[in-house]
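I have placed the structure first, in the form of structure tokens, so that the comments after it can refer back to it.
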Amino acid sequence: QVQLVESGGGLVQAGGSLRLSCAASGRTFSSMAWFCQPPGKEREFVAAITYTAYYADSVKGRFTISRDNAKNTVYLQMNSLKPEDTAVYYCAADSTITRSAIRVQARYNYWGQGTQVTVSS
């Protein structure tokens, strides 16, 4: 059974940092990504990693995605957090995603349950 389990969310003040983790079990994936859903908004792309990393413009220079293949885990290091980063963050994974579709959530068939990140001002 394939599972993605996120951890690391929480409450942090603006300017602070958090590191999210997503541990996959059951299989390995070539593409792993983070999406977020702010309150009252649609879920949106944050970052993805294959052999290279991809970022939403809103997080470039502040967030870093990385992966540990030995642990089958992807991380999202979030620095200089802003109140507008407040959202539920979801891990997603799959192995059939082309580079042009890496930001398209519909292309990911495996999802975690989400972890809440709240940034206070």
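The values are calculated or read from the model by the stated rules, or taken from the named source; none is laboratory data. Everything numeric here is computed off the predicted structure, so don't read it as measured data. Cβ sites come from the backbone with ideal geometry, for glycine too, and all protein chains shown count toward neighbours. Calculation scope for accessible area: heavy atoms of the full protein, side chains included, ligands and nucleic acids excluded. Shrake-Rupley method; radii C 1.70, N 1.55, O 1.52, S 1.80 Å.
General remarks:
- Failed item, numbered, when ASP85 is tested on (1) farther than 22 Å from GLN1 by Cβ; (2) under 11 Å from the mean Cα position of the chain (by Cα); (3) open to solvent by less than 70 Å² (accessible area, probe 1.4 Å): (2)
- From ARG67, ARG99, ARG43, residue being at pLDDT below 95, open to solvent by 30 Å² or more (accessible area, probe 1.4 Å) and basic (Lys, Arg): ARG99
- Pair list, Cβ < 6 Å and 6+ apart or interchain, from region 71-94 residues that are within 20 Å of TRP111 (Cα to Cα) and small (Gly, Ala, Ser) to residues that are open to solvent by less than 20 Å² (accessible area, probe 1.4 Å) and part of a loop (DSSP other than H, G, I, E, B): ALA87/PRO38; ALA92/TYR108; ALA93/PHE29
- Region 88-121 - residue that is among the small types (Gly, Ala, Ser) and farther than 13 Å from ALA33 by Cα and, of those, nearest to the chain's Cα centre (by Cα): SER100
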